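Readers should treat all values here as calculations from the given coordinates under stated rules, not as data from a laboratory. This one's a predicted model, so the numbers in the text were calculated from it and none came from an experiment. Every residue, glycine as well, gets a Cβ built from its backbone with ideal geometry; the counts of neighbours run over all protein chains shown.
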Amino acid sequence: MKTIHKLSALALALMVSACDENDGIQDAVPVTTGTNYTANFLMINAVPGGSSLDFYVNGLKTGASVDPSKGQAGYASVQLTTPGLNSIANTSVRAKATSGTIGGVLGSRDAIYRAGNTNVNNMVAAPNARYTFIAIDSITRPAPVRTFSLNSLNVLAADATYFVRATGAQISRDQWLALPSDAERNKTVSIGTVPAGSTDVGGVRFLLLTDTYPTFPGGNTTQSAIRFVNAIPNSYSLPTNTRIYARLKPVVAGANIALASNAEYIASVAGGFNPSVGSRSTTTAFTLRTTTTGTLDSEQIEYNLELSTDNFTTISYTSPVVKFAVGKIYTIVATGFVGGTGNRAISAAIVQHN
Amino acid sequence: MRKILLFLLLAAAPMAVWAQGVTSASMSGKVTDQSKSEIPGANITATHIPSGTQYGNASRVDGFYNIQGMRVGGPYRIKASFVGYREQVIENVYLQLGQNLVLDFALVDEATQLQEIVITDNRDPVLNSDKIGASSNFVSSQIQRLPSIGRDFRDFSSLTPQAGGNFSFGGRSNLYNNLTIDGATQNNVFGLSPIPAGQSNTTPFSLDAIQEVTIQLSPYDLRQGNFTGAGVSAVTRSGTNDLSGSVYYFFRNEGLAGKKIDGATTPIPSFDFKNYGFRLGGPIIKNKLFFFVNAEFEKRADPAYTFAVRPAGSTTQAANQTQATDDNDPLTGLAGLRKFLIDNYNYDPGVYKDFTRAIESQRYVARFDYNINQNHKLTVRGNITNAFQDVPPSSSGGFVGGPPGGRGNTNNVLSFSSSYYRINNNQKSITAELNSSFGNGLFTNNLVVGYSAFRDFRQDAGGINTPSFPTVDILGPNGQMLTSFGPDPFTPNNKLDQDVIQINDFFSAYLKNHTFTVGTANELYSFNNVFTQVVNGVYRYNSLADFYGDATPSQTANFRPAQYTIQYVGVPGGAAATAAKWSALQLGFFAQDEYTGIKNVKLTAGVRVDVPTYLTDLPQNRYVNSLNLNGEQLRVGGWPQVRPLYSPRVGFNWDVKGDRSTQLRGGTGVLTGRIPFVWLSNAVSNNGLFFGQFNSTNVPFDVTGDGFPYNYSQTPYTASSEFYSNLAAGTPQLITNPLDVNYGRPAVTAGINAVAKDFRFPQVWRTNMAVDQKLPGGIVGTFEWIFTKDINAVVMRDANLRPAVATLQGDGRPLYGASGANRAIIANDRRLSGDITQALVLDNTDKGYQWSATVQLSKNFNQNFQVTAAYTYTDSREVNPQSGSTAGGVFSSQANVLGPNNSGQSYAATLVPHRVVAYGTYRKEYLKHFATTIGFTYIGSTGNNFSYTYNGDVNSDGTAGNDLIYVPRTKEEILLTTTNANDNRSIDQIWQQLDAFINQDPYLSKRRGKYAERNAAFAPWVNRLNLSLLQDFYFDVKGKRQTLQLSANLENALNLFDSGAGLIKNAARPQLLNFVGYEQPHTAGSLAQPVANAGPASTIGFPWAATTGRPIYTFNTNADGSALSNSYVNNTGVTGRWQLQFGVRYIF
């Protein structure tokens, strides 16, 4: 009997030794510091006649109550969690009207940046990069009415929005088809087609510019860098006289600086404009300009920015006096509507990047 | 644990004994005279009164007698007589399944003036010498009286204290059980379900056909084998001399189910359940030949979905609605999608509202019992089961990760009815059993011969043939699945034929204190399995708009699918040629002795040897077998070596005081079981010869613009015959199909399954110790301890996985190479051979154990009033979850930190730590014509366990969703980002939501700064109280009782009284965080170089070496934009509510 007791004890001891705990785990070695990666965002409100806008990047307010034709003073640096390859969108950018509506999808007061044709595509921001976001177009831009009708299943026909040159109105493809004659239709221009399956709710949308700073020559004492953007929605290529001309005219004397000649609405030429829905992104170079005679503030030349639709036969807009400092970088955005009056009149935003 | 061990050390006394066969009962004992001298030649007869069946034997020289092979049930009249002595008669003896009734007779000589001795048996089900291991038994009266709304024998087996959920026992997988009916194996040995017809959510036998059910967890009787979980044995009813039977009808529907969940009215889609049938038993020749037949029909129409489509025009999503809408919305509208498919592709994806799942079965049983003579009894039983069920589509991706959120209905997903499939389970089975007695009872023989044919196959829901159309998964605006249409990816061609032949023979000899038994138990299996997963291809689109864009003839590259996956047939002859046709044999032999030579002690000891043998030669893949995978050569097409597996076992039962007031029992021994044969069958078909795999993000829906979706399998595959023969000859195949070039298919790749050469079937070493004690008030208390150590547990490993190349920035876990397809980049490829996606090898580990401790109290007030209650604590650990229905499923379900080949031991997926079981019945007859019976079952248990993992493949091991999360302590320890452009939370807000979630989670809040463990999070406690009420009205016709019985079965009674009680809570989001990519720039040194010629980006990895920056995650909101703030959600399905079932039955 003792033997049995001993054997039992041995068996039990073996069993106890078999009771290992979980062993598929190691101690974690977490990184305890947050990410160091940031990107820089500068926001411009180029929505004529709209509300002032609050801007958000990754849910953080980066610009508060930016009025129409105004920009934010300098970049806001926002922490990124930038993924690697595979185009994993991660940075959300949003504009929210402080009052009234601006269309959009989150709510009538919101517009979001969309990297693709639908609302699920976010922006990919690279570490340390600089971006300028311009809220463009009008709060009255109609949502394209789909000729892609699930009832008629005319999947070949895509959506389109047309711009009526004479009035600045934008009409749907159905309205365009209903125009009385080809002559009338010739007075319009297609903003672009909306592919079946895309979403476009109309209203304000975003233009994204990736800011690549120019290199100033060594020993520069007279130059600044200026980029011009035509954000006037009805300044299309036809007829030519509705394009935009821009120049800096010295207040006192001297040569004009031609900024733009026959410039088209940037959204119509921006890369990624096709398909026409959602946000656009492009790069527009900064051009070095001699805007000062020396490095002192007093040596900066005083200019008026002038905008015209007819090569300065008539001046549509003249800005207050502006000056450009040496080595500084600026974006000038033409806003408003050709033919617009009041708060829809042609105007401009001038922002300094550095 | 330590206290228990101490107790056992003290209690480990002489080892002793056993249980009986699995189809019958027996009795034994000793005949003496008043002076305790043995009486040889005394006549012992036992008469089964209802059938007049006689059993008998004479006592041997030593006074001992044995009667074997007796019918279960009773009553029996047992007589002992000898010339010159008074006859002793014992009435009303009932025998339970597997029982060996010990009856000693002390005969009194006729000269002694005594009246005839009549003893009425009042045997205790616990305190008897044939109870050794842990077991539970349910007799026909309990089966009739306890509640069982599904009329399913598993409702009774789950009352075993050591049971877990879903037919699992002792913390082991339910696929490791052995189910026998009338002694013949009735398992679905292929293992796609623990029981036959289980896939159809029904049972192979009507409760009305079942006499008794026994669950053995630790049998030391070596006749019992082929399981390492539990042996579940049932015997069917027999006919008697009385013609008797019953006709019955049961029903329930949504009107008889709870409308509210936790106080909130939650509509329940309509459903309907009907179960009806009859049983009839009687004599063909009185006292000689009997019949029993049963036919039962079950029809259910269950809700196909819990969350209904959101009505057109609704601006908000109600709690029981999906994000999908009943309109033409370009991002969520299912109405528009359906019309689009019909008009453009002539394909009707089915409906998405007002549809139900059909579940139907027909069960027939016929049994004949033939008393050839007193020494030979023959039983023949046949049964037919035809069952099917319409099933929601699988959420699995097959050999890639499944779609986020799955395809089954949730508040996100509503799949079209075309993606539901029908599983058909048809079975025919016949069993014959011959019980014989020879040599005046000195020898007995039990012969069982059985044949079962299982025919399982799939169709589309509704029983229509599966169309040749791809599966299309479309994500909704919140990044989770929106809908799916097209066939379930695992359904096309899916069929399984199984044939099982069984021959068992047990021969016993009775010699003084010894009962020697030798026997053989043999099973021949034959399989024909066609499983062509993902053969029609699976598209995944990030939005409905993307799908429209891509499926429109004018599509552009802007709208390509986020993923396209296909496994195409690479062998001439199409799908049929990929069948896994094979046969195997499991031979078992044993010898054992039962010894009763020690006073008050029974001992059994014996050894069994099982020999799994494989009968089919398989095609060899010489090319793959020639590869050197880190020193290992695969054996594709090779079986494991045939080796005998030995199972020695000893057991004891010690009646400590000799009066059956205290009983110690237990034993130790080895159990040998089977694995689900599907894991072997996968190695037959996934040999790299039959299938090739292809993933791309660049395949348009309609490649050729012909109005048909792209289907690689339909594309003429000019190289197919070469593909097969070249690989078989050892030459890698070069692909020449231009489509491969057009859509960036890099090279032929195949998933390989193989079996290790020295793989062995599961074996466990199981020990149990128990004490049964008669307590005051007639209560019987039991303490039972069971310990199981895995000897050969099953693991699945990927032999093609290169060791980790780095550690993951962020939490330090091993990081694997990328999945670049070009073998030139070998240094950065996680695969050892670029021709193989995964090479899964079935292998063994000795890791894993289970133990349980049970305290049980039971009281039989009288035959009409019994109550039992038990508490069990269980611990169970394993390396691989053992319940996958494919080898790949077993592999991918092992959530891990250290990599899938090193996932280690953790909590078992089937673990239920705390469990309380109580049940009882009470019956009262009154006013001469009435009887009322009430019954209850209560099961209270810890909720299901699960693992917190990442959605995505963080460690780049090639399997998505299997990486356990690191639980961050601070915001700085995790990189979070927004989910999509609609997500307007700031990073700080996302962290605050995640932090709050972790804080409220009972498991995660304790794991801060650590990894989550596998299966370590448990859902809240579940209380389940079921009640039954039977109201009988009876009257006599010609002396025979006729009964009309009305019944009500109330499932989840607590929920009826309080809609906040009896709830089942499920994990809200086990894949808590979505992995979206690694931070830039790459930081991990030399391996982090862009790889030249890496090929297209694969959806299962990255074309760059994965040794990159820290991983970035999203913590998604709920579908309505609110924060995920609670770990658990209520099960709003029918099982989460109270249900009432009515029945009417006529018994004669």
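Remark: the stretch B:321-330, residue by residue, has Karplus-estimated 3J(HN,Hα) of 10, 9, 6, 5, 10, 8, 7, 9, 3, x Hz, where x stands for each Gly or Pro and the curve is 6.51 cos²θ - 1.76 cosθ + 1.60 at θ = phi - 60°. By the beta-carbon count within 10 Å of each Cβ, the least crowded to most crowded order of B:181, B:965, B:143, B:284, fewest first, is B:284, B:143, B:965, B:181. Which listed residue (B:316, B:304, B:378) has the Cα farthest towards the positive end of the charge dipole for the stretch B:303-395, taking +1 on Lys and Arg C-beta and -1 on Asp and Glu C-beta about the Cα centre? The residue sitting farthest along the positive end of the dipole is B:378.
For chain B, with only Lys/Arg (+1) and Asp/Glu (-1) charged at the beta-carbon, what is the dipole magnitude about the Cα centre, in debye rounded to 20? Mind dumping the intermediate values first?
Working: 92 positive and 85 negative charges, 387 e Å.
Around 1860 debye, computed over chain B.
The slack between residue B:251 and residue B:1126, meaning 0.36 nm per residue of separation minus the straight C-alpha distance, is 311.4 nm.
Gain on full extension, evaluated as 0.36 nm per residue between residue B:312 and residue B:846 minus their Cα-Cα distance, stands at 186.5 nm. Give the calculated FRET efficiency between residue B:593 and residue B:646 to the nearest 0.05, with a Förster radius of 22 Å applied to their Cβ-Cβ distance. So the FRET efficiency works out to roughly 0.85.
Label-to-label distance for residue B:264 and residue A:184 is 5.3 nm, based on points extended 7 Å past Cα in the beta-carbon direction.
When the helix-only estimate is applied to chain B (DSSP H runs of n ≥ 4, each -39,500 (n - 2.57), divided by the residue count), what is the mean residue ellipticity at 222 nm, nearest 500 deg cm²/dmol? Please report the intermediate quantities before stating the final value.
On the way: 12 runs with 93 residues, N = 1148.
So the helix-based figure for chain B works out to -2000 deg cm²/dmol.
Using only the C-alpha atoms, the convex hull of the stretch B:590-709 corresponds to 262 Å³ per residue. Taken about its Cα centre, the stretch B:20-120 carries a charge dipole of about 320 debye when Lys and Arg each add +1 at the Cβ and Asp and Glu each add -1 at the Cβ. The phi torsions of the stretch B:163-175, fed into the Karplus equation with coefficients 6.51, -1.76 and 1.60 and a -60° offset, translate into couplings of 5, x, x, 6, 6, 9, 9, x, x, 10, 4, 5, 7 Hz, rounded to whole numbers, with Gly and Pro shown as x.
The residue among B:800, B:916, B:893 whose Cα reaches farthest toward the positive pole of the charge dipole of the stretch B:781-927, with charges on the beta-carbon of Lys, Arg, Asp and Glu, is B:916.
Spatial offset of the stretch B:748-778 relative to the stretch B:964-1011 amounts to 38 Å, using the alpha carbon center of each. The phi torsions of the stretch B:27-41, fed into the Karplus equation with coefficients 6.51, -1.76 and 1.60 and a -60° offset, translate into couplings of 9, 7, x, 9, 10, 10, 9, 4, 8, 6, 7, 4, 10, x, x Hz, rounded to whole numbers, with Gly and Pro shown as x.
Only four residue types carry charge here, +1 at the Cβ of Lys and Arg and -1 at the Cβ of Asp and Glu. Report the dipole size of the stretch B:830-944 about the Cα centre in Debye, rounded to the nearest 20. It would help to have the intermediate numbers written out before the result.
On the way: 9 positive and 6 negative charges, 103 e Å.
With Lys and Arg at +1 and Asp and Glu at -1, about 500 debye.
Think of chain B as a dipole: +1 on every Lys or Arg Cβ, -1 on every Asp or Glu Cβ, centred on the Cα centre; then among B:777, B:1004, B:592, B:777 lies furthest on the positive end.
Distant-in-sequence amide contacts of residue A:228, defined by a placed amide H-H separation under 5 Å and a gap of 5 or more residues or a different chain, comprise A:332.
Assign one of three labels to the stretch B:135-240, namely rounded, prolate or oblate, based on the Cα gyration tensor with a ≥ b ≥ c the square roots of its eigenvalues; rounded applies when a/c is under 1.5, prolate when it is not and a/b is larger than b/c, and oblate otherwise.
Values: a/c = 1.34, a/b = 1.23, b/c = 1.09.
Rounded shape, in that the Cα axes give a/c under 1.5.
For the stretch B:1114-1148, the residues whose amide N sits under 13 Å from a probe point set 7 Å from the Cα of residue B:1043 along the beta carbon direction are B:1145-1148.
Could you state the per residue volume, in Å³, of the convex hull enclosing the Cα atoms of the stretch B:20-120? Don't jump to the answer; show the numbers that get you there.
On the way: hull volume 8.6 nm³, N = 101.
Spelled out: Cα convex hull of the stretch B:20-120, divided by residues, is 85 Å³.
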